[in-house]
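**Student:** One structure is given below, represented as structure tokens, and several questions about it will come after.
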Amino acid sequence: MSSNPDEMTGTMKAIGFHEHGDIDQIELLDVPIPSIGDNDVLVNVKASSLNHQDLFAVRELDHYITEYPFWGGGDIAGVVEVVGDDVSDWSAGDRVVVNSRISCRECDLCLNGEQSMCRNLKVIGEHRRGGFAEYVDVPERNLHPLPDHVSFETAAAVPIAAGCAWRALMNRGDIRPPHDLLVVGATGGVGTYAIQIAKNVIGVETLYAITGSESKTERLQEMGVDHVINYNEEEFDRKIWELTDKTGVDAVFNTVGGDTWVKSMRCLRNGGKFITSGATAGPNPETEIRLIFMRQLEVFGSTSHSHSDFVDMLDHVWNGRIEPVIQETIRLSDYEVAFEKMANRGLYGKLILTQS
Ligand SMILES: NC(=O)c1ccc[n+]([C@@H]2O[C@H](COP(=O)([O-])OP(=O)(O)OC[C@H]3O[C@@H](n4cnc5c(N)ncnc54)[C@H](OP(=O)(O)O)[C@@H]3O)[C@@H](O)[C@H]2O)c1
Ligand SMILES: [Zn+2]
């Protein structure tokens with residue numbers, strides 16, 4: 001193991017693309033090992049995880065990405081290989097998990113503790129190359145220690161999805177008992193964390209979720225969701241109305257958008273909260289403005305996490321109150337299978353990628 005930046009030269013394997021398009025653009029690449037700056041750390045990636053974001057990166061993030069070939073992967077757990085000259089808090093061999101959000105720490109919003117709203121935010125795996133590779137360069141302040149009892153695979157399942165769900169429910173939505181909650185997008189990476197945060201951390205009064213398949217319905221029930229509605233069998237907004245005696249739920253957390261947008265609003269009680277963090281099924285749905293003002297709904301956008309959201313969330317994972325739901329661990333070299341599963345909705349929870 002090296003601790004001198006100059007010693008790390010040569011090439012590494014990465015999973016990336018030269019041009020945008022669909023997932024068939026992604027290929028196995030042989031690329032130079034990244035060089036690091038004085039305040040950076042080179043991490044030997046032991047595990048990464050797939051996020052829907054990684055599909056968007058190849059399909060449509062051409063306005064973010066400036067370096068090609070590009071490889072994504074914002075969720076990273078690994079071991080410090082080399083540290084930059086000015087890094088004093090980390091040494092070769094440390095086990096780490098990465099916060100992919102690089103905030104400037106200087107703008108008014110950062111100084112206010114709102115790092116997720118940073119005016120100069122850069123994101124590993126979106127604006128700069130990520131962890132779908134053997135090594136990744138990370139600013140030292142974006143590393144967090146990984147406790148010995150947590151595996152690299154478990155840790156890699158956490159940062160982006162759990163950080164998003166945590167901020168949306170705990171911070172932006174401020175959901176608390178006796179609120180009840182409907183989760184739309186419940187079976188995905190973000191959704192399976194939202195279910196656990198709602199159930200195990202907040203203790204919502206009644207938890208509702210929707211999905212399109214029978215097997216996913218059973219798994220949501222096993223996780224403690226009180227009412228699971230299969231949207232392929234019934235209109236979920238009508239069902240919620242019936243289940244709530246025509247009053248509606250206190251809050252909806254929706255990461256899907258598309259044709260779930262207006263239906264989700266219809267599920268809300270007067271004065272209810274609509275929290276949105278994603279648009280998997282489309283960012284430009286028709287809307288119903290009258291629902292927003294007649295029911296006096298509150299609409300909250302929420303993205304990623306602040307530093308304190310992240311630290312609080314990690315604590316709950318390390319102490320076991322939130323348990324990452326990992327469907328499968330696949331070798332990075334089997335990336336085609338991994339990306340296809342995510343694109344075809346074949347996942348429940350997270351898919352992990354490892355080097356071997
Ligand atoms: N703002 C943020 O900080 C942030 C962070 C992470 C993710 N996100 C966003 O949140 C969304 C979910 O991310 P994720 O990584 O959790 O994704 P994921 O694991 O692929 O989960 C997406 C879930 O949405 C449901 N879904 C409904 N309509 C869909 C459609 N047309 N296509 C695909 N899935 C559909 C699926 O569940 P069923 O099959 O049960 O319906 C699926 O399990 C994405 O839009 C992502 O970009 C935002
Ligand atoms: Zn900033």
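The values are calculated or read from the model by the stated rules, or taken from the named source; none is laboratory data. Only a predicted model underlies this, so the values are computations on that prediction, with no experimental measurement involved. A quick note on method: Cβ atoms are made from the backbone with ideal geometry, for glycine too, and the neighbour counts reach across all protein chains shown.
**Student:** From R119, R101, grab the single residue that is of a type in the set (K, R) and farther than 19 Å from P34 by Cα.
**Tutor:** It is R119.
**Student:** Quick one: would you say Y64 is within 14 Å of ligand 1 (Cβ to nearest atom), more than 17 Å from the chain's Cα centre (by Cα) and not small (G, A, S)? Please lay out each step first, then the result.
**Tutor:** Details: within 14 Å of ligand 1 (Cβ to nearest atom): yes; more than 17 Å from the chain's Cα centre (by Cα): yes; not small (G, A, S): yes.
When the stated conditions are applied, Y64 passes them.
**Student:** How many residues does segment 126-145 contain that are buried (at least 24 other Cβ atoms within 10 Å of the Cβ) and over 24 Å from Y64 (Cα atoms)?
**Tutor:** Residues in segment 126-145 being buried (at least 24 other Cβ atoms within 10 Å of the Cβ) and over 24 Å from Y64 (Cα atoms): 0 in total.
**Student:** Only residues that are over 17 Å from M8 (Cα atoms), surrounded by 12 or more Cβ atoms within 10 Å (Cβ to Cβ) and out of contact with any Phe, Trp or Tyr (no Cβ under 6 Å at 6 or more places or on another chain): list them for segment 76-89, please.
**Tutor:** I76
**Student:** Residues in segment 31-46: is at least one of a type in the set (D, E), more than 16 Å from ligand 1 (Cβ to nearest atom) and in contact with a Gly (Cβ under 9 Å, 6 or more places away or on another chain)?
**Tutor:** Looking for residues that are of a type in the set (D, E), more than 16 Å from ligand 1 (Cβ to nearest atom) and in contact with a Gly (Cβ under 9 Å, 6 or more places away or on another chain), one finds at least one in segment 31-46, hence yes.
**Student:** Does segment 330-338 contain at least one residue that is outside the structural domain of Q196 (by TED's automatic domain parsing), away from ligand 1 (no atom under 11 Å from the Cβ), under 14 Å from G163 (Cα atoms) and not polar (S, T, N, Q)?
**Tutor:** Within segment 330-338, not a single residue is outside the structural domain of Q196 (by TED's automatic domain parsing), away from ligand 1 (no atom under 11 Å from the Cβ), under 14 Å from G163 (Cα atoms) and not polar (S, T, N, Q).
**Student:** From the list K273, K199, K246, K263, exactly one residue is more than 22 Å from the chain's Cα centre (by Cα), at pLDDT 95 or above and away from ligand 1 (no atom under 14 Å from the Cβ). Which is it?
**Tutor:** On inspection, the qualifying residue turns out to be K246.
**Student:** Oh, and also: Do any residues in segment 201-227 that are more than 24 Å from R167 (Cα to Cα) and part of a helix (DSSP H, G or I) have Cβ atoms under 9 Å from those of residues that are within 16 Å of ligand 2 (Cβ to nearest atom) and at pLDDT 95 or above, where the two are at least six apart or on different chains, and which pairs are they?
**Tutor:** Listed by first residue and then by second, the contacts come to nothing, as the list is empty.
**Student:** Of the residues F300, F339, F274, which is closer than 26 Å to Q25 by Cβ and surrounded by 12 or more Cβ atoms within 10 Å (Cβ to Cβ)?
**Tutor:** F339
**Student:** Pairs under 7 Å by beta carbon, first residue free of Cβ contacts under 8 Å to residues at least 24 places away in the same chain and in the same structural domain as I197 (by TED's automatic domain parsing) in segment 240-256, partner part of a strand (DSSP E or B) and away from ligand 1 (no atom under 16 Å from the Cβ), six or more apart or different chains?
**Tutor:** As it stands, the answer is T247/R269, since those pairs meet every condition given.
**Student:** Could I ask something else about it? Output the helices (runs of 4 or more DSSP H) that fall wholly within segment 100-185 and possess 2 or more residues being away from ligand 1 (no atom under 16 Å from the Cβ), out of contact with any Pro (no Cβ under 6 Å at 6 or more places or on another chain) and outside the structural domain of G248 (by TED's automatic domain parsing), or say none.
**Tutor:** Result: 108-111, 152-156.
**Student:** Here's a check for you: in segment 76-89, which residue that is in contact (Cβ under 8 Å) with a residue 60 or more places away in the chain and part of a loop (DSSP other than H, G, I, E, B) is farthest from P147 (Cα to Cα)?
**Tutor:** If we filter segment 76-89 for residues that are in contact (Cβ under 8 Å) with a residue 60 or more places away in the chain, which is where we start, we get 76-78, 80-85.
Then keep just the ones that are part of a loop (DSSP other than H, G, I, E, B); that gives 84-85.
Numbers: G84: 23, D85: 25 Å.
Once the filter is applied, the top-ranked residue is D85.
**Student:** Considering only residues that are in contact with a strand residue (DSSP E or B) (Cβ under 7 Å, 6 or more places away or on another chain) and of a type in the set (S, T, N, Q), look in segment 207-239 and name the one that is nearest to ligand 1 (Cβ to nearest atom).
**Tutor:** Of everything passing the filter in segment 207-239, T211 is nearest to ligand 1 (Cβ to nearest atom).
**Student:** To continue, here is another question. Can you tell me which of V87, V136 is in contact with an Asp or Glu (Cβ under 9 Å, 6 or more places away or on another chain) and under 12 Å from D40 (Cα atoms)?
**Tutor:** Selected residue: V87, the only one of V87, V136 that is in contact with an Asp or Glu (Cβ under 9 Å, 6 or more places away or on another chain) and under 12 Å from D40 (Cα atoms).
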